[in-house]
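The values are calculated or read from the model by the stated rules, or taken from the named source; none is laboratory data. This is a predicted model, so every value here is computed, not measured. Cβ atoms come from the backbone with ideal geometry, glycine included; neighbour counts cover every protein chain shown. The area values use the complete protein model at the heavy-atom level, side chains included, leaving out ligands, DNA and RNA. Shrake-Rupley method; radii C 1.70, N 1.55, O 1.52, S 1.80 Å.
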Number of protein chains: 2
Amino acid sequence: MRKRRTLAMNLDVVAQKAGVSTSTVSRVLNNLEIVKTSTRSRVLKAAEELNYHPNLHARSLARGKSRILGIIVSNMENPFFLDIYRTLESDAHSQGLEVVVANTDYRSEQLVASVQLMIGLRVAGLAVIVSEMEEHLIQTVAGSRIPVAFYDVGTPQKNITNIRVDYRKGIKKTVSYLSSLGHRRMAFVGHHSTLGPISERRKTFLESVHRCSPSADARIFAGPDGLEGGRQAARELLESGFRPTAVLCVNDFMAVGVMRELREEGLQIPRDVSVTGFDNIKLAEFCSPSLTTNHIPREQIGHIIFDNILGNGREQHDTGREIVIDPELVVRDSTGVAVKS
Amino acid sequence: MRKRRTLAMNLDVVAQKAGVSTSTVSRVLNNLEIVKTSTRSRVLKAAEELNYHPNLHARSLARGKSRILGIIVSNMENPFFLDIYRTLESDAHSQGLEVVVANTDYRSEQLVASVQLMIGLRVAGLAVIVSEMEEHLIQTVAGSRIPVAFYDVGTPQKNITNIRVDYRKGIKKTVSYLSSLGHRRMAFVGHHSTLGPISERRKTFLESVHRCSPSADARIFAGPDGLEGGRQAARELLESGFRPTAVLCVNDFMAVGVMRELREEGLQIPRDVSVTGFDNIKLAEFCSPSLTTNHIPREQIGHIIFDNILGNGREQHDTGREIVIDPELVVRDSTGVAVKS
DNA sequence: GCGATTTTTGCAAACGCTTGCAATGCAGAA
DNA sequence: TTCTGCATTGCAAGCGTTTGCAAAAATCGC
């Protein structure tokens, strides 16, 4: 035969069973109130009995849009992203939107694929939470007519909404705090994403150290993101012979990894060496010693992102703005006065 | 006018620009090799210039299926789920499938919504990784013609594929290990999901303790899942006046929370009290003291789930089977011989 | 150079839904 | 009773793809 006739379930089957037209079924399922109550319940019964589930693809296609919020993150494992994700998810659900997430794992082909997926899905809005992105790809997204907000995308762009944290400020504050405790030999531990914001952070670190005390020593170490990466970076640090009295880490996860390694090598924290992080994830409070870190308000960031994508009322779509969030230093037990060396 | 004419981008626009028919464009974009090379490149150029992205909804609709693997998990934050997720994701990508995740946050309305979403999306396969699910909902999924595998769904069902971990075995082994260290007063810390497998775990715990030593004391405590929940359960434990020499926790996260609280109350681990967990997440190795726990092979589980959903070649769709994985005790520094009391 | 193949392309129906408009039914008004 | 008006329902086009079949174009044999 020319055309396959599917045996699949669809509106027509339900309509037939309920003895009404397709359109009526559609109207019932979408809660349009122009349907007589008796018809309505008949339709619902039929749908129920047939175990019918509307095809969302067909629906999106017919409507010309979907009720889906897309989220792209580079590392699901990082609780920092997870917190933003959760906020976005709950905001979305409260507006009746479903959520789909794509994880890029810091791989750029995967980022491209995720962007394709989201555009292909014609998502109602898109949050891009990856710290680096090629100019070209940014423009692809921006040109897609999908309301989008970026978090901390590397280079500032003209016509996109970008929310970012002022890491410079956080680093400066942390360095000057450590400096005030007498530290004069400090290390910075970052991860391998060296482009964009990260490299700015390194630079800021070095500058801050020298500004606080021109004679101070500063060095940079790096490993993959995560606990293990922190550990690895710490090992490198130890092997390098550089003996900092304070280690400033780019995030809490790495900081915990660093602490673990240092302690295993017999160093005491904060007696022998102070350690700080960024983010203030739950673990920062639960590890031991508890971690001095820079709090970054993830919930607030999540809400801001959402409002900028799909916020009702507010001046959304006000493309091209940049929103800057300040971190706040939270002092705990992993930092103390510098040892004399 | 009767029908709106959209200004959206679609195959026809590309076709026009390239001077070919829609079908040809479609064939080019799908890499069907029956297209002349010169035509092909002309089409690709047009698509590129127009910044065209195929509408996946239309595609899925026309094809009658999507290239999406759906994953439903109850708690993204738990690294245990995250590890399974990552394995599934990488397996999926290696087969050219995209992935969408839905997080239920242990809430049953959210589970229902997620299932609706996945069925509505006509996903190519579905992994359901939530520890509890209503019989009714399970049957909805099973009846949806979508290849599906469940992980650790509460009650064993006849016609579904279920992968589960034999927690009974793990608990027994752990209890007998602790017993061999002289522990006679033990607590079990679970989380509030008290239905299904969890309650079985409690029961197993109590039985095991009494089997190892009929005179032993055993009590159950609980809190919400997670670090904070563990802490909370530990606080309850301390307030109860029950002074166990060993605490067996339902997962590592809770165990770390428990340790933290106990230590803050001045107890030393393992000198005053031993603590064990389940899962063997990264953190178990990085916390201090490092945690004795039951290793559960998440990667292996992920692969098994995937193979059972979309595995090629193997006897997939062999509905109704149950696959059981055994945990393995990993002894670290959080357990030791019992103190005399 | 001409018909017979073999590629390569185009046509148009179908996928399952929404929705503007028209048709129907039924109420009350005249 | 007939007409008007409103509440319901049905009709059918259109959303952007894919794909079976047929038409057209290119290639080949002689």
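Counting Cα-Cα pairs of chain B in 10 Å increments starting at 0 gives whole-percent bin shares of 5, 22, 25, 18, 13, 8, 6, 3, 0.
Within the listed set A:Leu178, A:Leu44, A:Leu267, the Gaussian network model of chain A (springs between alpha-carbon atoms below 10 Å) gives the highest mean-square fluctuation for A:Leu44.
Once all Cα-Cα distances of segment B:167-296 are split into 10 Å bins that start at 0, what whole-number percent is in each one? In order of increasing distance, the bins hold 14, 50, 33, 2 percent.
When Rg and the Kirkwood radius Rh are both evaluated on Cα atoms of segment B:1-132, their ratio Rg/Rh stands at 1.11. Note on the protein assembly as shown: the C-alpha convex hull projects to 36.1 nm² when averaged across all orientations.
Remark: the Cα gyration tensor places segment A:107-237 in the prolate category, a/c being 1.5 or greater and a/b exceeding b/c.
Each other copy holds its own label point for B:Lys36; taking that point as 7 Å from Cα along Cα to Cβ, the gaps run 6.1 nm, nearest first. Of the beta bridges in the protein assembly as shown, as assigned by DSSP with both residues counted there, near 5 percent are antiparallel. Mind listing the label-point distances from A:Glu236 to the same position on all other copies, shortest first, one decimal in nm, points 7 Å along Cα→Cβ? Taking the point 7 Å beyond Cα along Cα→Cβ, the inter-copy spacings are 4.5 nm. If I take R0 = 30 Å and measure r between the Cβ atoms of A:His192 and A:Val324 in this structure, what FRET efficiency does the formula 1/(1 + (r/R0)^6) give, to the nearest 0.05? The computed FRET efficiency comes out at 0.75.
Between A:Ser213 and A:Asp12, the simple label model (points 7 Å from Cα in the Cβ direction) yields a spacing of 8.0 nm. Pairs from the table (A:Lys65/B:Lys45; B:Lys172/B:Lys282; B:Lys36/B:Lys65; B:Lys169/B:Lys203) lying more than 20 angstrom apart at Cα are A:Lys65/B:Lys45; B:Lys172/B:Lys282; B:Lys36/B:Lys65.
Dividing the Cα radius of gyration of segment A:11-54 by its Kirkwood radius returns 0.90 for Rg/Rh.
Compute the accessible area per residue over chain B, keeping the other protein chains in place, probe 1.4 Å, unit Å². Kindly include the intermediate steps, with their values, before the conclusion.
Numbers: 14940 Å² over 341 residues.
So chain B comes to 44 Å² accessible per residue, rounded to a whole number.
FRET efficiency for the pair A:Glu239 and A:Glu264, taken as 1/(1 + (r/R0)^6) with r the Cβ-Cβ distance and R0 = 22 Å, rounds to 0.95.
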